[in-house]
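Structure first, commentary second.
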Amino acid sequence: MTKDTTSPETPTENAHINDTEITPEIVAEHGLKPDEYEKVVAHMGRTPNMTELGVFSVMWSEHCSYKSSRKWLKKLPVSGPQVIQGPGENAGVIDIGDGDAAVFKMESHNHPSFIEPYQGAATGVGGIMRDVFTMGARPVANMNALRFGDPSHPKTRHLVAGVVHGIGGYGNCIGVPTVGGEVNFDSCYNGNILVNAMCVGLARTDKIFYAAATGIGAPVVYVGSKTGRDGIHGATMASAEFDDASEEKRPTVQVGDPFTEKLLLEACQELMASDAIIAIQDMGAAGLTSSSVEMADKGGVGIVLDLDKVPCRETHMTGYEMLLSESQERMLMVLKPGREPEAEAIFLRWGLDFAVVGSLTDTGRMVVHHEGRMIADMPLEPLADGAPEYDRPYTPTPLAPQIDPSQVDDTNITDALKTLMGCSEIASRRWIYEQYDSMVMGDTLAGPGGDAALVRVHGTQKALAVSTDVTPRYCLAQPIEGGKQAVAEAYRNISATGATPLAITNCLNFGNPERPEIMGQFVECLEGMGAACEALDFPVVSGNVSLYNETNGQGINPTPAIGGVGLIEDFEKAVGNAFIQADKYIFVLGKTEGHLGSSLYQRFILQDDAIYAPPSVDLELERKHGEFVRDLINAGIVDVVHDVSDGGLLVALAEMCLPHNVGCHIEDDNTAGFWFGEDQGRYVMVGADADKILAQANASGLTLSYLGKTGGTELTIAERVHISVKELHDIHENWLPDYMKTV
Amino acid sequence: MQASVIVFPGSNCDRDVAVCLEAATGKKPTMVWHGNSDLPDSDVIVLPGGFSYGDYLRCGSMAANSPIMKEVVLKAQKGTAVLGICNGFQVLTECGLLPGVLMQNAALNFVCRNTRLIVDNNTTPFTGLYQQGEEVVIPVAHNEGNYFADDNTLDELSGEGRIVLSYAPEDNPNGACKNIAGICDASGRVLGMMPHPERCAETALGGEDGKRMFTGLVEALS
Amino acid sequence: MKATVKITLKYGVLDPQGKAIEKSLGQLGFSGVNEVRQGKLIELDIDADTPEAAEKQITEMCEKLLANTVIENYDIQLNLAE
């Protein structure tokens, strides 16, 4: 089919809005740079009207077009025998055997959550679930990676409370368990919190639905909630830096209705059981515009829309508003011609709106009618793929110095451990996760608090392991190592349960890419991530980029959050990370050299805020360690495994004591660096047969050190350290509730 | 034993409880849509957990007025056993089959965690396989589980042994009066409870204390 | 005919949200604020021939659905100007 790129006629001006003359100010308000606007005019072959300008502005926003990041995203490994669908669809899809597929994605809702934490977080959860069930999957697990400002910042408590309520309010109502996540507090997020929501769904490999629309004349159908003026220009808001006036932008925040989403989910699943759907797309950021452009462009067709058919909640909405509204809980579908009545019956039975709002054409153009007139006529290809791709200048992050080991001589290990167990980064997240329904659907085998969450594939012996990870302070100090570490830690957390890591999604949160040092962080983090994905056979199948997380020139730490998914064939072989029984042997796998640069020990004990080199990641060893751990778990040789991460080895051991109040005795004393260093690639492993474990390690040529035995109700090291597990438990549990109490 | 599960728009534990009922009875329960006005004969009717009608207005209030509930009330009056779990308990109080009301949790937060419960009455068809006074662990997951009734009603409930389940005193997750976790009607055949027995009916999910409720029903009603 | 229904918790019924609001107001520096109670406001437009008929219908709505009279009071206000 040839695409007609010249407009047959100039659209008649719509009553009010399209009469407005397009001035440089209006162009700037739409977030388009002058040279970008020149490109718009060139693609159109004429001056766009206001509606068309609005459509271009959202489609070419950073949020929708990835114009600063695309060049670098292309370099990430995205394929493998397990990959059914990589990046570019609503969500990634991987094969988990027996005709089952796991469908997942992570997405940011940072800016809306800062402005209105409850609704911002709630609609973030709603949006990511729609991305997953649009693909034909039933969501089975939600995760959240949250970053808040310093606990002492006056807004932090309010934001924590609002975001947690919002996530719970939405996810709990839908009935999808929230099974885990991670939370950091750091002053770099004072003006830009990060709310990254991940959803994992299950589908059959032969029932995956895609966005590509085909079939000239096929009806384009709108289902779900009605359209209001919510979030108009949310996509452009997510692509601009904040200033103090941003809080005035409150009215653009969308309001979520989880009840309607639950109905939409059930109705879509019912329709998907038939073969009536050709293509389906969530109306997320940039709403009707982006969903129709993406469906038509991916299918290489054109689309004509009649906005008079769009179900509206408010009166006198202009075409501009309808096209750009980000009202939630809506979907756009292309149906096989003639199948409208059965589809309509399903949606009406669930109490949802259903309207045929257009059809597919062979023009390669998007043509929009409203109130009997044509209000927009635009070529699709430049809208979808023609956004300028920037090769933004970047400067590499200078190498950070190594920390001076003489700084850390005479530490009281007991005091340091207590401080770390009760610090904002390690303290228990129970106050948060008990507000989430982690058990609904009856398949949560391991919920929040473990290394990775385990969710059974309903009715089978298989289980998915899911983990979200990144250590932003490492990414700040040395983006390449930080990028590697984020992927490696997800790999490690999944391996620690016994599951095989399969693929990742990511949510790349950075500052303003127009600053070369920020762009440098982005480029280098991706370089590290890519190397780790390659080395660990852990490809990227979906993701999202959130740039401009910056307020008054203060950017966040680079935060490329990774959401990893793995599979264990028999969930009964999976292990937990807490000591269960006394008199078991405790080992640590991997070398402990005592790397304290960028560690929590540096932040909370040395209280040194200089930037030192983070621990480096040996990817080859990482892979061998992962394989070794999984082999021993699946052979039943070890029965408790915990990866060593924030706070180092002693914190890992303390964490293992807490859940069942089982202590441990470590035989040999050592330096603070040994106990709190954050050397990578390590796991604590526990088993009954010490000789067998050691023999396996010897045979594999890996470093495995004996530490001591489980038992008692104290954590003791040689003659020096004696701490009751109860005391550690209280320190660990009390920080967050105490903090949240003082509202 | 044949079970029916009522499905309201927004129910989300309907499948979970159906899985447990099928495991206990060997038969798939009948799933009945809220808009139906006839309810097939069954030995037990289950009102599942979830957020019927989005929990808008008040939890359970709109579900209590849905067409199928007229039938549920009629069947209950004729002696069919009815089990309301979580949102189902809220529906039972809203439709008047059980007294009192479930208010927002005292801490104003949703709470999802295991709770220790005491079985205060093991003579109902639901609790026959538990020991009187036995402590069991069953999770809760709710935002409105704070049972409230006037003093007369509370006295009546405890005097007649209609408090079937209570939270261990130091483990009350929501501020409920008299630590009430579950109550029954005067006949003992309508039970409303906030904890979710369907979430702990197999060891892989962390416990089997909930399973006896379903197997006990089969013994009592078959 | 337009009407407003105000639903409040009965006195004697604990109102944790009201208490939380009261506490927050205190922390914001509004002193001397007591007895904060929160409730719901429902607006509706009803076809009725007379105000009495409207009030009767709305009372029925309150008893059946809008309020839970175990814990809540309701107050109906008709806007007779329209």
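The values are calculated or read from the model by the stated rules, or taken from the named source; none is laboratory data. All figures in this text were calculated on a predicted structure; none of them were measured in a lab. Cβ sites come from the backbone with ideal geometry, for glycine too, and all protein chains shown count toward neighbours.
For region A:105-124, what are the residues that are farther than 25 Å from A:GLY511 by Cβ and crowded, with 24+ Cβ neighbours inside 10 Å?
Taking region A:105-124 as the starting set, the residues that turn out to be farther than 25 Å from A:GLY511 by Cβ are A:118, A:122.
The one that is farther than 25 Å from A:GLY511 by Cβ and crowded, with 24+ Cβ neighbours inside 10 Å: A:ALA122.
Among what's in region A:268-296 and is among the charged types (D, E, K, R) and crowded, with 24+ Cβ neighbours inside 10 Å, pick the residue that is farthest from A:GLY224 (Cα to Cα).
Start the filter on region A:268-296 by keeping residues that are among the charged types (D, E, K, R), which leaves A:270, A:275, A:282, A:294.
Those still in the list that are crowded, with 24+ Cβ neighbours inside 10 Å too: A:282, A:294.
Working: A:ASP282: 10, A:GLU294: 19 Å.
For region A:268-296, the residue satisfying everything is A:GLU294.
So which pairs qualify, if the first residue must be in region A:624-653 and more than 11 Å from A:MET685 (Cβ to Cβ) and touching a residue at least 60 places away in the same chain (Cβ under 8 Å), the second must be of a type in the set (Lys, Arg) and surrounded by 22 or more Cβ atoms within 10 Å (Cβ to Cβ), the Cβ gap must be under 9 Å, and the two must be at least 6 apart or on different chains?
A:GLY626/A:ARG492; A:SER645/A:ARG492; A:SER645/A:ARG682; A:LEU649/A:ARG682
Please go through (1) more than 15 Å from the chain's Cα centre (by Cα); (2) within 12 Å of another protein chain (Cβ to nearest Cβ); (3) modelled with pLDDT under 95 for B:GLY60 and return the number of the only condition it doesn't satisfy.
With (1) more than 15 Å from the chain's Cα centre (by Cα); (2) within 12 Å of another protein chain (Cβ to nearest Cβ); (3) modelled with pLDDT under 95 applied to B:GLY60, the lone miss is (1).
Taking the condition surrounded by fewer than 24 Cβ atoms within 10 Å (Cβ to Cβ) and not basic (Lys, Arg), does A:SER495 pass?
no
Here are some conditions: (1) within 14 Å of another protein chain (Cβ to nearest Cβ); (2) assigned to a loop (DSSP other than H, G, I, E, B). A:GLY168 meets all but one. Which one does it not meet?
(2)
So, of the residues in region A:83-102 that are out of contact with any Phe, Trp or Tyr (no Cβ under 9 Å at 6 or more places or on another chain) and either assigned to a strand (DSSP E or B) or free of Cβ contacts under 8 Å to residues at least 12 places away in the same chain (or both), which turns out to be nearest to A:GLY201 (Cα to Cα)? Outline the logic, then answer.
Just the residues of region A:83-102 that are out of contact with any Phe, Trp or Tyr (no Cβ under 9 Å at 6 or more places or on another chain), to begin with: A:83-84, A:86-88, A:95-102.
Still in the running and either assigned to a strand (DSSP E or B) or free of Cβ contacts under 8 Å to residues at least 12 places away in the same chain (or both): A:83-84, A:87-88, A:95, A:100-102.
Details: A:VAL83: 15, A:ILE84: 14, A:PRO87: 16, A:GLY88: 17, A:ASP95: 12, A:ASP100: 11, A:ALA101: 8, A:ALA102: 6 Å.
Of everything passing the filter in region A:83-102, A:ALA102 is nearest to A:GLY201 (Cα to Cα).
Out of the residues in region A:297-307 that are modelled with pLDDT of 95 or more and over 14 Å from A:LEU323 (Cα atoms), which is surrounded by the fewest Cβ atoms within 10 Å (Cβ to Cβ)? Explain how you work it out, then say what you get.
Filtering region A:297-307 down to residues modelled with pLDDT of 95 or more leaves A:301-307.
Among the residues that remain, those that are also over 14 Å from A:LEU323 (Cα atoms) are: A:301-302.
Working: A:VAL301: 27, A:GLY302: 23.
Ranking the candidates gives A:GLY302 first.
On the basis of being touching a helix residue (DSSP H, G or I) at 6+ places or on another chain (Cβ under 9 Å), modelled with pLDDT of 95 or more, within 14 Å of chain B (Cβ to nearest Cβ) and surrounded by 24 or more Cβ atoms within 10 Å (Cβ to Cβ), does A:THR444 make the cut? So that I can check it myself, show each step before the final result.
Details: touching a helix residue (DSSP H, G or I) at 6+ places or on another chain (Cβ under 9 Å): yes; modelled with pLDDT of 95 or more: yes; within 14 Å of chain B (Cβ to nearest Cβ): yes; surrounded by 24 or more Cβ atoms within 10 Å (Cβ to Cβ): yes.
The answer is yes for A:THR444.
Name, by its number, the condition in (1) at the interface with chain A (Cβ under 9 Å from one of its Cβ atoms); (2) at positive phi; (3) within 17 Å of the chain's Cα centre (by Cα) that does not hold for B:GLY49.
Unmet condition: (2).
Which number in (1) part of a helix (DSSP H, G or I); (2) surrounded by 23 or more Cβ atoms within 10 Å (Cβ to Cβ) marks the one condition that A:THR505 misses?
It fails just one condition, (1).
Restricting the search to region A:480-534, which residues are touching a helix residue (DSSP H, G or I) at 6+ places or on another chain (Cβ under 7 Å) and of a type in the set (Gly, Ala, Ser)?
Matches in region A:480-534: A:GLY482, A:GLY483, A:ALA486, A:ALA488, A:SER495, A:ALA496, A:GLY498, A:GLY511, A:GLY528, A:ALA531, A:ALA532.
Go through region B:130-222 and tell me which strands (runs of 3 or more DSSP E), entirely inside it, have 2 or more residues that are within 14 Å of chain A (Cβ to nearest Cβ). Steps first, please.
Values: elements: B:135-142, B:146-148, B:163-167, B:180-184, B:190-193.
So the answer is B:135-142.
Considering only residues that are in contact with an Asp or Glu (Cβ under 8 Å, 6 or more places away or on another chain) and not charged (D, E, K, R), which ones fall in region A:172-188? Quick ask: steps written out before the conclusion?
Our first condition is that a residue be in contact with an Asp or Glu (Cβ under 8 Å, 6 or more places away or on another chain); within region A:172-188, this holds for A:172-175, A:177-178, A:182, A:184-187.
Answer for region A:172-188, where residues must be in contact with an Asp or Glu (Cβ under 8 Å, 6 or more places away or on another chain) and not charged (D, E, K, R): A:ASN172, A:CYS173, A:ILE174, A:GLY175, A:PRO177, A:THR178, A:ASN184, A:PHE185, A:SER187.
Out of region B:52-68, which residues are more than 20 Å from C:ILE71 (Cβ to Cβ) and either touching a Gly at 6+ places or on another chain (Cβ under 6 Å) or free of Cβ contacts under 8 Å to residues at least 40 places away in the same chain (or both)?
Hits for region B:52-68 are B:GLY54, B:PRO67.
Return only the number of the condition from (1) crowded, with 24+ Cβ neighbours inside 10 Å; (2) under 24 Å from A:GLU434 (Cβ atoms) that B:VAL111 does not satisfy.
Among (1) crowded, with 24+ Cβ neighbours inside 10 Å; (2) under 24 Å from A:GLU434 (Cβ atoms), B:VAL111 violates only (1).
With the requirement that a residue be in a strand (DSSP E or B) and crowded, with 24+ Cβ neighbours inside 10 Å, what does region A:204-230 give you? Outline the logic, then answer.
Just the residues of region A:204-230 that are in a strand (DSSP E or B), to begin with: A:204, A:219-224, A:227.
Matches in region A:204-230: A:VAL220, A:VAL221, A:TYR222, A:VAL223, A:GLY224, A:THR227.
Given (1) within 35 Å of the chain's Cα centre (by Cα); (2) over 30 Å from B:ALA107 (Cα atoms), where does A:GLN696 come up short, assuming only one miss?
Every condition holds for A:GLN696 apart from (1).
Taking the residues in region A:513-542 that are of a type in the set (Asp, Glu) and in a loop (DSSP other than H, G, I, E, B) as candidates, determine which candidate is modelled with the lowest pLDDT.
Narrowing region A:513-542 to residues of a type in the set (Asp, Glu): A:514, A:517, A:524, A:527, A:534, A:537.
Of the ones still in play, those that are also in a loop (DSSP other than H, G, I, E, B) are A:514, A:537.
On the way: A:GLU514: 94, A:ASP537: 98.
Checking each candidate, the answer is A:GLU514.
Identify, by number, the condition in (1) at pLDDT 90 or above; (2) over 26 Å from B:TYR53 (Cα atoms); (3) small (Gly, Ala, Ser) that C:GLY39 doesn't meet.
(2)
Filter region A:178-220 down to residues that are within 14 Å of chain B (Cβ to nearest Cβ) and either of a type in the set (Ser, Thr, Tyr) or within 15 Å of A:ARG130 (Cα to Cα) (or both), then give me how many there are.
Result for region A:178-220: 2.
When you scan region A:408-426, do you find a residue that is closer than 30 Å to A:GLY498 by Cα, crowded, with 18+ Cβ neighbours inside 10 Å, of a type in the set (Val, Ile, Thr) and within 14 Å of chain B (Cβ to nearest Cβ), even just one?
no
Regarding A:VAL357, is this residue away from chain B (no Cβ under 14 Å) and either over 20 Å from A:GLY215 (Cβ atoms) or not in a helix (DSSP H, G or I) (or both)?
On the way: away from chain B (no Cβ under 14 Å): yes; either over 20 Å from A:GLY215 (Cβ atoms) or not in a helix (DSSP H, G or I) (or both): yes.
Yes.
How many residues does region B:56-97 contain that are under 14 Å from B:MET194 (Cβ atoms) and touching an Asp or Glu at 6+ places or on another chain (Cβ under 9 Å)?
Restricting attention to region B:56-97, the residues satisfying the condition of being under 14 Å from B:MET194 (Cβ atoms) are B:59-60, B:83-93.
Checking which are touching an Asp or Glu at 6+ places or on another chain (Cβ under 9 Å) leaves us with B:59-60, B:85, B:87, B:90, B:92.
Summing the residues that are under 14 Å from B:MET194 (Cβ atoms) and touching an Asp or Glu at 6+ places or on another chain (Cβ under 9 Å) in region B:56-97 gives 6.
In region B:1-18, what residues are crowded, with 20+ Cβ neighbours inside 10 Å and assigned to a helix (DSSP H, G or I)? Steps first, please.
Initial filter on region B:1-18 (crowded, with 20+ Cβ neighbours inside 10 Å): B:3-14, B:16-18.
Across region B:1-18, the qualifying residues are B:ASP14, B:ASP16, B:VAL17, B:ALA18.
Looking at region B:34-46, which of its residues are within 14 Å of chain A (Cβ to nearest Cβ) and buried (at least 17 other Cβ atoms within 10 Å of the Cβ)?
Result: B:HIS34, single match.
With the checklist (1) under 22 Å from B:VAL5 (Cβ atoms); (2) out of contact with any Lys or Arg (no Cβ under 7 Å at 6 or more places or on another chain) in hand, flag the one item B:ALA107 doesn't pass.
(1)
Can you tell me how many residues in region B:73-117 are among the aliphatic types (A, V, I, L, M), within 8 Å of another protein chain (Cβ to nearest Cβ), part of a strand (DSSP E or B) and farther than 21 Å from B:TYR53 by Cα?
0
Restricting to region A:699-743, count the residues that are at pLDDT below 95, buried (at least 17 other Cβ atoms within 10 Å of the Cβ) and touching a His at 6+ places or on another chain (Cβ under 9 Å).
0
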